[in-house]
């Protein structure tokens, strides 16, 4: 290794389809957020150390590394951009660290002790095959700010950073600036409304470009600071008619030896995808390509931005005691998990499901790699005068622990399970609604779109038949859904609706959630999701119509009407039974439906928090057993924030 020269500011030079969507939990803290055009420019430059090698690879190093301080090493190919090239990092010496982004140019890590650490990187692609090793030394530093985290990002994509809490507290007097850049590029749409979690958009760069930011804060009477490095990569221009008309993350097959490794990115998640691949031949449904171990077959179709996403997904599938997800996944062509997917969705013309990694992280280091940019629909329905929250509960408590993102706490597979299960049941309901296994051998092509159109035109989809046989009838709820989930402006009549008005519209109809009114596809998926969560996990769904105070939290919103386990209501039996029989025909429908508990009414006039603990004997009047001053610190959840509408 040839070491190293100190440099000043360093530029890494040339170094529409049919969608059903569902996504992550949402709070309303990002509504009406002010933005600025860019970060302020720091008054001083940053210095890096550049370590040369005998090859065309150089390492961009931080000026110093410290115990418990996030840091990074950047692998730079001199005179080249990195489109089409792959990177793979491995730690070769030093106390073992958790590395969550080993397939990136930017290796982010946090030393755990004052020792030497060595890392090896392999670079391949476009007639390049390089392997080099770099060693760094971590020193002591007790007075440090910690930013999560250095990373690589595609130009023109959304991004976020976060300052770690210190001893459970957010540092004070936080300020941000960007170090001067040689090409005068700047991050745009900067949102500093939550000062310890800036949101922004990467600039459009002409070549791979390194940007660095500085955060300064005070804690315990001392001024502390940290730098964070962001490598923005040059990408091919997105065609105007691309399926994904915004830049997407760089992706790779989780299993590098998958027979579909090359097709996955180009056919499933690429900003160059214009004409649908011949999915029927190039990437057939999983049901059409089985191995002795069905989960191996599924994992051949997993496309990720970070390897940990695929590893956790596989571990989850193998931990299940039922076969539902393996069976339902037979009707997809691919599973995509990426840090830039929010909310989750299903793409009918491609046959793939797209999952938000917030549902699959297990460690705080993994969570650091996930983009926190909120769902674009967070302002929908802002002028309406009610809320319709939901939650999943088990034994009068939330199903799954809530871990505030500022607290660096790992979670167990069991804790992750219920949220991921409901997401999978929902998205896979869409997949099996569009393309059930019964039709896989009879696909006519030449594209999936052709087969979908034939199925759609003949009203063969389960969701179509549900609407024909057991239609929802509330015109008011349909109109409100257009506001809540499609972004239409509320009219004066809708703005004047009280929570009681909306409760009457909803309670007297046959939906189990108001998101069902956004489309027939979502109607079927919501029924299936709630039935299966109750059946497999003994987890019940609360849904309510509440008021809408200015500071809307679980402890301030008051229930006008609500039910726990609404899908078990006799009036919904035929609708839910029909969906279940079509989406998962191998289950005993009568056994499942007859085993659903009778719904329990939430208590009108009590807060959402107070309604968490209920008497569950439906023969009695609702009876509170919770303390009247119950406090709920979780963000409120809304169904439309969990998925992209189909």
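Here, each number is a calculation from the coordinates, and none is a lab measurement. Just so we're clear, the structure is a prediction, and the values are computed from it rather than from any experiment. Cβ sites come from the backbone with ideal geometry, for glycine too, and all protein chains shown count toward neighbours.
Structure notes:
- Global form of region 316-435, assessed from the alpha-carbon gyration tensor, a/c cut-off 1.5: rounded
- Solvent-free Debye scattering, log10 I(q)/I(0), computed from the Cα coordinates of region 252-368 at q = 0.15, 0.21 Å⁻¹: -0.62, -1.25
- The helix-based estimate of mean residue ellipticity at 222 nm for the chain, built from -39,500 (n - 2.57) per DSSP H run of four or more residues and divided by its residue count, is -6500 deg cm²/dmol to the nearest 500.
- FRET efficiency, 1/(1 + (r/R0)^6) with R0 51 Å, evaluated for residue 295 and residue 613 via beta carbons: 0.85
- Separation of region 79-128 from region 565-607 is 50 Å, based on Cα centroids.
- Centroid-to-centroid separation of region 35-74 and region 377-415 [C-alpha atoms, Å]: 36
- As a length-normalised measure over Cα pairs under 8 Å and 6 or more apart, the relative contact order of region 119-252 settles at 27 percent.
- Here the contact order of region 488-586, divided by its residue count and restricted to Cα pairs under 8 Å and six or more residues apart, works out to 27 percent.
- Estimated at 0.36 nm per residue, the fully extended path between residue 473 and residue 278 surpasses their Cα-Cα distance by 66.3 nm.
- Contact order for region 252-368, expressed relative to its length and based on alpha carbon pairs under 8 Å spaced 6+ residues apart, stands at 26 percent.
- If R0 equals 56 Å, the separation of the Cβ atoms of residue 131 and residue 590 corresponds to a calculated FRET efficiency of about 0.40.
- Potential extension, residue 195-residue 257 segment - 0.36 nm per residue separation minus Cα distance: 18.0 nm
- Centre-to-centre separation between the Cα atoms of region 271-343 and those of region 174-218: 35 Å.
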